[in-house]
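**Student:** My questions will all concern the structure given below.
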Amino acid sequence: MNDLALFLPLPVDDRAFLNLKAAQIRAVAANAVIEIGRHLIEAKERVGHGHFLPWVEAEFRWGERSAQNYMQAAEQFGNTQELADLNFTREALYLMAGPTVPEPARAAAIAEAEDGKRITKKRAEELIAEARQTALAEAVTRYRSDLDAQVNEAVRVATDALHQDREALEARIAQIHADAANLPGIGTALCHMLKQDKLKPEQCQNLAQIIGTSISVNGRSYAPISREQQLQVEEHLQIASAVTRAFETLAGAPPAHSFFDATWPVQRSQHQRVCRSILTWLSEYADLLDGDDN
């Protein structure tokens, strides 16, 4: 609604009268658009699409877009109560009747028009943009919620599977231990299979470690070593293997003078720092080996 006092020097009663007429004319125009749309829909249903557009062009000089605007307005607003009170411009009415317009935007426009606000094309575009932004935010929220639910379900399934696998493995280990404990004379049976009078003590110890339970061979019991002892053995093996590989490398090294000529000054400086400590270590190790022989 425009303020006539800004450009027409009229009495208050005349300005109110003109404002009323403007509202009535806009309502008539809105009703006319919808009424035209109803007639066009009836015509199209009667003669079909192939005859409808040529008739519209011949009778009214309208293109397909114009006819669609009228019909969409009738489809979207034809059942609106008290349409005569709506304050839409024709462009806004066409825009709000579009098939892709969110229903909340259309409802908001009708509510504002019923409150006396004029719905222009610009305002219609704003309402449509707001509704689409709200719909997008809701869709993102739903997507995140669904994604969280899917992730939680996947974690639950994976956790259940891990628990089941662990329980099955523990049950299998327990069964193996039970079967091994129930084997009578396992040491004697293995001796017979190997065609030996008896297993060596270290073989019996290894056997007890493999089956994970104590065994008795020829009156002597052999228990599997603890996890701590096993880790210590593995550590000792790693140390011994590393030193053995170093010895083998030195055994195959070229003569000292050839090696000296092949090194760079910076390498020689590094070798000088460690050679004396290596010689001391080798001397101590040789003494231990000599003592072990005695």
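**Student:** Order the peptides 70-76, 111-117 from the highest to the lowest mean number of other Cβ atoms within 10 Å of their residues.
**Tutor:** Packing proxy ranking, top to bottom: 70-76, 111-117.
**Student:** Amide H of PHE88 versus every other amide H placed in the peptide plane: which residues, excluding those fewer than 5 positions away on the same chain, fall under 5 Å?
**Tutor:** ILE119
**Student:** Moving on. Could you derive backbone 3J(HN,Hα) for the stretch 34-49 from the dihedral phi with the Karplus parameters 6.51, -1.76 and 1.60 (θ = phi - 60°), listing whole Hz in sequence and x where the residue is Gly or Pro?
**Tutor:** Result, rounded to whole Hz: 5, 5, 4, x, 4, 5, 5, 4, 4, 5, 5, 5, 6, 9, x, 5.
**Student:** Also, quick follow-up: Which whole-number percent of Cα pairs in the stretch 220-294 have a distance greater than 22 Å?
**Tutor:** 49
**Student:** Do me a favour and compute the ellipsoid semi-axes for the stretch 255-294 from its Cα gyration tensor, root of five times each eigenvalue, largest one first, whole Å.
**Tutor:** Rounded to whole Å, the semi-axes are 29, 12, 4.
No lab work stands behind these numbers, since they all come straight from the coordinates. Since the structure is predicted, the reported quantities are computational estimates derived from the model, not experimental observations. When we count neighbours, we look across all protein chains shown, and the Cβ atoms used for this are built from the backbone with ideal geometry, even at glycine.
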